[in-house]
1. Please give the charge dipole size of region 159-268, origin at the Cα centre, charges +1 on K and R Cβ atoms and -1 on D and E Cβ atoms. Round to the nearest 20 debye.
2. Once you have the Cα-Cα distance between Lys88 and Arg141, take 0.36 nm times their residue separation minus that, and quote the gain in nm to one decimal.
3. With a probe of 1.4 Å, find how much accessible area region 148-257 has per residue, and write the answer as a whole number in Å².
4. What are the lysines whose alpha-carbon lies under 17 Å from the alpha-carbon of Lys91, with same-chain residues fewer than 8 places away excluded?
5. How big is D, in µm² s⁻¹, for region 277-347 by Stokes-Einstein at 25 °C and 0.890 mPa s if Rh is the Kirkwood radius over C-alpha pairs?
6. Work from the charge dipole of the chain (Cβ charges, +1 for Lys and Arg, -1 for Asp and Glu, about the Cα centre) and give the residue of Ala315, Val433, Gly45 farthest towards its positive end.
7. Leu106 to Arg240: extension gain in nm, 0.36 nm per residue of separation minus the Cα-Cα distance?
8. Grab the beta carbon distance between Leu426 and Ile335, set R0 = 22 Å, and tell me the FRET efficiency rounded to 0.05.
Amino acid sequence: MATDTRKNLLTEGPIWKRMISFAFPLFLGALFQQLYNTADSLIVGNFLGSNALAAVSSSGSLIFLLVGFFNGIAIGAGVVIARYYGAKQYKELQRAIHTAVAFGILSGFLLTILGLIAAPKILILMKTPENVLPNSILYFRIYFLGSLGFVLYNNLVGILQSVGDSRHPLYYLIFSSGTNVLLDLLFIGVFRLGVGSAAAATVISQFLSAALCLHRLTRKSPAEYRISLRSIRFDPYMLRQIIANGVPAGLQNSIISLANVFVQSNINSFGDMAVAGCGSYTKIEGFGFLPITCFSMALTTFISQNLGAKQYERARKGARFGITCSLLLAELVGITIYMTIPALISAFNSDPQVIAYGTSQARTVTLFYFLLAFSHCLAGILRGAGRSAVPMIVMMICWCFIRVTYITVIVRLIPRIEMVFWAYPLTWSLSSVIFLIYYLRSDWCSSPR
């Protein structure tokens, strides 16, 4: 086996060292991705004002609604790829990889059409303020013209991470993040092109990331997982496996984001200052989610590879280590944001109302980040074990149906925006209890499904 291939295996060596060395580049990558997502809001808010900031801030939940399903399929592909890689079944690995790329290309084209048609209508249904709506529609239409770049990038990064390579996606993301910030400053700060140029800068940067990942996988990667452009096609057996593992994750993403769109629509009803303030907090919240995201992703790959290699006790030990690290780091970040939130919000916009709304949301939810971390880590573990239907059902019930029901009832009884904010810690608590019971009572680690 090639040295590069063995270096990426998570089935060998000390568990803590392997997981940290894999998770840390994921953390840095997520950090830079959040930085260049935040750059849009910082530059727009400071150069174009609170109305333009509200247009960009309203984007997150709707974008994830449309992109989330396809990202879930990419997660499913990663589980299949990691399992074959851990089992050292390289012929099957090649078939899975090329099927995943073919599906990513098709998904990118489908998402472009869906985004252009559906986004403006959904924005209206979300009660986006009338003075914000034109800029929001412009932002979304330009953003979704780059859907192929976003989806293909996620698929290619998923392949690299599934074989244990989290370093190269980090390098490419740093490069594209810098490009995004420079383009934002050039388009908005120098040429004053408006909100649409922020979306254009993000699209260009994402295509650059996808191109760099593709170059790595076609030219530089070991033969075991190298991509041949001529071999990109659908393998029916692999496609069935990818869909079986990916559709639950995709539905979970879409259902949760649909609930978050509902939450956003309730925030929108409090006016553009609430949209700008809560949208600014959401950008800051993204940094709080970094330890949660990186360990959840690391756990999925770690569990997949080790169950593929039939190292069940190693998988259990890795699960415990990943959960502990994620909970501690998430709560540390949550406390930090709680203490510094007014100054952080003011970096986006200095309007006192914007700062007040963002601070109120942060001080309602940040101390409960450990619950969010626990739910995401358990979801990552179960996806890696091939049981992606379990987190889908739990999160669909807790983070969608119960969250929407709670807001529908409570806002009518107590029409205060703080009651909307409480929807998050309450539903995180419920999902954590259910996941804990399943984790302790089920034999999730017996064999991959």
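The values are calculated or read from the model by the stated rules, or taken from the named source; none is laboratory data. Computed from a prediction, not measured in an experiment: that's the story for all the values here. Every residue, glycine as well, gets a Cβ built from its backbone with ideal geometry; the counts of neighbours run over all protein chains shown. The accessibility values were calculated without ligands, DNA or RNA, using every heavy atom of the protein model including side chains. Shrake-Rupley method; radii C 1.70, N 1.55, O 1.52, S 1.80 Å.
1. Computed about the Cα centre, the dipole is about 340 debye.
2. Full extension from Lys88 to Arg141 adds 14.8 nm.
3. Using a 1.4 Å probe on heavy atoms only, each residue of region 148-257 averages 39 Å².
4. Reachable lysines: none.
5. My calculation gives 179 µm²/s for D.
6. Ala315
7. 46.7 nm
8. Working: r = 20 Å, r/R0 = 0.90.
The calculated FRET efficiency here is 0.65.
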